[in-house]
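Student: Mind having a look at this structure? Questions to follow.
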Amino acid sequence: MKIAHFSDVHALSLDGVRPWQFLNKRVAGYLNLRLHRGEKHPVRLFRAIVDDLNARPVDHVVVTGDLTNLSLAPEFKLAREILDQIALGPKGVTVIPGNHDVYTFGALQDKLFWDVLAPYATGDGKDAVEFPVVRVRGEVAVIGLSTALPSPPPLADGWLGRAQLEKLDEALAAHDGKFRIVALHHPPYTNRHAILRGLRDRKKLQRVLARRGAELILHGHEHRDLRVTIPGPRGPIPVIGVGSGTYDDERPERRARYNVYTIEAGRLVSVETRVHEPSAERFSVHATPTTDLRPATP
Ligand SMILES: [Fe+2]
Ligand SMILES: [Fe+2]
């Protein structure tokens with residue numbers, strides 16, 4: 001099976017947005033966006049990923065959050081419109097939220113992610129979005145978590161909470177034997193600026209994973225390719241963070257990208273990173289080995 005993974009597309013749309021909507025945390029975010037981000041995550045690169053996916057079909061797509069910048073309704077609408085172009089359809093694409101998708105308490109109350117992206121985040125046999133979202137596709141079980149919470153600036157941290165961790169524990173036990181892919185926005189270990197940007201209950205998550213196991217963990221948030229392992233009951237579990245899907249940058253290691261994982265007989269056999277080449281307006285492949293991953297700092 002082939003699983004594609006992209007993240008942090010940060011689709012920008014300010015259509016119909018009125019200034020009063022920025023009288024809170026969004027003021028800072030909005031200014032930052034206008035100064036740095038608007039041009040850095042062009043929507044055309046989000047569309048380019050979708051075109052590339054449709055030209056080179058995979059079996060499932062996982063999107064690990066930060067689809068928007070400021071959790072605005074037009075941004076969710078734009079993200080939905082572009083996701084709807086993926087030929088696999090919502091059952092073939094699993095989307096989880098990032099911190100930018102619940103940027104304010106208002107955004108959390110409005111439940112825009114839960115409403116607009118529901119077809120992409122509803123688990124098998126469910127009629128509403130509920131985390132963890134569990135979707136079984138062939139030999140793969142995708143288990144999507146929500147770490148998103150509206151922290152005041154300058155925080156960009158994440159949190160799972162006890163209820164979600166208990167349900168994750170159950171889902172991992174129930175699908176032992178499948179190739180279990182756990183998807184979350186924040187890295188599940190201590191990364192740089194962990195106090196400001198990290199997953200608060202990462203140690204609790206690590207304990208669940210160490211007990212129940214998983215075959216692959218996918219995340220975004222850092223806008224960088226990160227590859228480590230964390231302990232599992234039957235050996236190290238690979239943890240793969242993918243860079244932003246839309247970052248328009250000169251540096252090849254930061255440029256817009258997505259990953260394709262090949263899974264055979266219950267094993268991750270290859271990771272292909274498809275990097276956008278601005279001069280050619282296409283993606284080219286950077287295959288990397290899945291061996292020699294170093295253990296993460298817990
Ligand atoms: Fe992001
Ligand atoms: Fe993020």
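The values are calculated or read from the model by the stated rules, or taken from the named source; none is laboratory data. No experiment lies behind these values; they were computed from the predicted model shown. A quick note on method: Cβ atoms are made from the backbone with ideal geometry, for glycine too, and the neighbour counts reach across all protein chains shown. Accessible surface is based on the protein model in full, side chains and every heavy atom, while ligands, DNA and RNA are left aside. Shrake-Rupley method; radii C 1.70, N 1.55, O 1.52, S 1.80 Å.
Student: Does at least one position in region 20-33 carry a residue that is within 16 Å of ligand 1 (Cβ to nearest atom), surrounded by 24 or more Cβ atoms within 10 Å (Cβ to Cβ) and either at pLDDT below 75 or not acidic (Asp, Glu) (or both)?
Tutor: no
Student: Is at least one residue of region 72-80 under 21 Å from residue 263 (Cα atoms), away from ligand 2 (no atom under 16 Å from the Cβ), modelled with pLDDT of 95 or more and open to solvent by 10 Å² or more (accessible area, probe 1.4 Å)?
Tutor: The answer is no; no qualifying residue exists.
Student: Out of all the residues in region 97-115, which are crowded, with 19+ Cβ neighbours inside 10 Å and either away from ligand 2 (no atom under 16 Å from the Cβ) or closer than 16 Å to residue 64 by Cα (or both)?
Tutor: The answer is 97, 98, 99, 100, 101, 102, 103, 112, 113, 114.
Student: Tell me, please, whether a residue that is among the hydrophobic types (A, V, I, L, M, F, W, C) and part of a loop (DSSP other than H, G, I, E, B) can be found in region 89-112.
Tutor: Scanning region 89-112, I find no residue that is among the hydrophobic types (A, V, I, L, M, F, W, C) and part of a loop (DSSP other than H, G, I, E, B), so the answer is no.
Student: To continue, here is another question. Give the residue, chosen from 225, 201, 248, that is over 22 Å from residue 157 (Cα atoms), among the acidic types (Asp, Glu) and either in contact (Cβ under 8 Å) with a residue 40 or more places away in the chain or open to solvent by less than 40 Å² (accessible area, probe 1.4 Å) (or both).
Tutor: Of the residues listed, the single one that is over 22 Å from residue 157 (Cα atoms), among the acidic types (Asp, Glu) and either in contact (Cβ under 8 Å) with a residue 40 or more places away in the chain or open to solvent by less than 40 Å² (accessible area, probe 1.4 Å) (or both) is 248.
Student: A follow-up question, please. For region 122-239, give me every one of the helices (runs of 4 or more DSSP H) that falls completely inside it and has 1 or more residues that are touching a helix residue (DSSP H, G or I) at 6+ places or on another chain (Cβ under 6 Å).
Tutor: Output list reads 162-174, 202-212.
Student: Considering region 200-229 alone, what residues qualify as being of a type in the set (A, V, I, L, M), more than 14 Å from ligand 1 (Cβ to nearest atom) and either over 17 Å from residue 172 (Cβ atoms) or at pLDDT below 95 (or both)?
Tutor: Within region 200-229, just 228 meets the criteria.
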